[in-house]
Amino acid sequence: MPRSSKTPKPQTEDENTVEKKPSRIKRILLICGILAIILVPLVNGPGARCLVKKALNSTLDQQGLSGSAEIDGTLGSGITLTDVNYSGQKAIKTLSSDHLSVKYTLGSLIGKELDLIAAKNVELTLDPSLFPKSKEEETTEPPKPLPELLRTFQKLYQPVAIDLNHVSVTILNKKGSLPTE
C-alpha cells in the first residue's frame with residue numbers, strides 16, 4: 001500500500017537540534033538582556049560611587065590626608081562630592097568644600113573635554129615647607145609660569161566651563177599664615 005503524503009516523516013536527531021538552537025539563542029539573549037538591565041544601573045550608580053570613593057580615599061591617603069566626602073552622580077554624566085572634609089599632617093593640612101563636581105558626557109570624554117568643573121566654598125591650608133623637594137628644584141631651573149602649567153593641563157582635558165565660588169587658600173610659613181582668597 002502506498003504511503004500517503006500526509007503522514008509525517010520521522011525526524012532525525014539533527015533536525016531536532018536545529019529546531020532547538022534558535023530557542024536556546026533566544027533564551028541566552030533574553031537572560032543577557034535582563035542581566036544588562038539589572039547590572040548597568042548598579043554599576044553606573046552605586047558601583048561607580050563606590051569605586052570613586054575608594055580611588056579618592058586611596059589617592060588622598062597617599063598625600064597623608066584622611067576624612068570623608070559624600071559622593072553622588074554616575075559614570076555617564078559626572079561625579080559630585082559634597083561635605084568634603086579631609087585633614088592631614090603633611091604639606092596639605094586641610095581640604096574642605098561644600099561642593100566639588102565634574103560634569104561631562106561620554107561623548108565629550110572621548111574628545112577629552114569636560115563640560116563643567118565646579119567648586120563652592122573650598123578651604124585649603126598648605127604648608128610649603130613640608131612639600132618634598134622635587135628634582136626640578138635640585139637642578140635650579142626656575143618654576144614654570146602659571147599659564148604654561150595650565151596649558152599642560154589643558155592638553156589633557158579642555159574644560160568648557162569652570163565655576164569657582166569662594167575659594168580660600170591659607171599658606172602657612174614659619175611666622176604664621178598668609179591667607180589668600
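The values are calculated or read from the model by the stated rules, or taken from the named source; none is laboratory data. On a predicted model such as this, the values are computed, not experimentally measured, just so you know. Here Cβ is always computed from backbone atoms with ideal geometry, including for glycine, and neighbour counts include all displayed protein chains. Each accessible area value is taken on the protein alone, full model and side chains, heavy atoms only, with ligands, DNA and RNA left out. Shrake-Rupley method; radii C 1.70, N 1.55, O 1.52, S 1.80 Å.
Quick check on segment 27-76: of everything there that is among the small types (Gly, Ala, Ser) and surrounded by 14 or more Cβ atoms within 10 Å (Cβ to Cβ), which residue is farthest from the chain's Cα centre (by Cα)? Let's see the steps before the verdict.
Here is the first cut: in segment 27-76, the ones among the small types (Gly, Ala, Ser) are 33, 36, 45, 47-48, 55, 58, 64, 66-69, 73, 76.
If we keep only those that are surrounded by 14 or more Cβ atoms within 10 Å (Cβ to Cβ) too, we end up with 45, 47-48, 64, 67, 69, 73.
Values: Gly45: 11, Gly47: 11, Ala48: 7, Gly64: 21, Gly67: 19, Ala69: 14, Gly73: 10 Å.
Among those residues, the one meeting the criterion is Gly64.
Condition first: open to solvent by less than 40 Å² (accessible area, probe 1.4 Å) and modelled with pLDDT under 90. Now tell me which residues in segment 77-87 satisfy that.
If we filter segment 77-87 for residues that are open to solvent by less than 40 Å² (accessible area, probe 1.4 Å), which is where we start, we get 78-81, 84, 86.
Across segment 77-87, the qualifying residues are Gly78, Ile79.
Only one of (1) open to solvent by less than 50 Å² (accessible area, probe 1.4 Å); (2) modelled with pLDDT under 85 fails for Lys133. Which number is that?
Failing condition for Lys133: (1).
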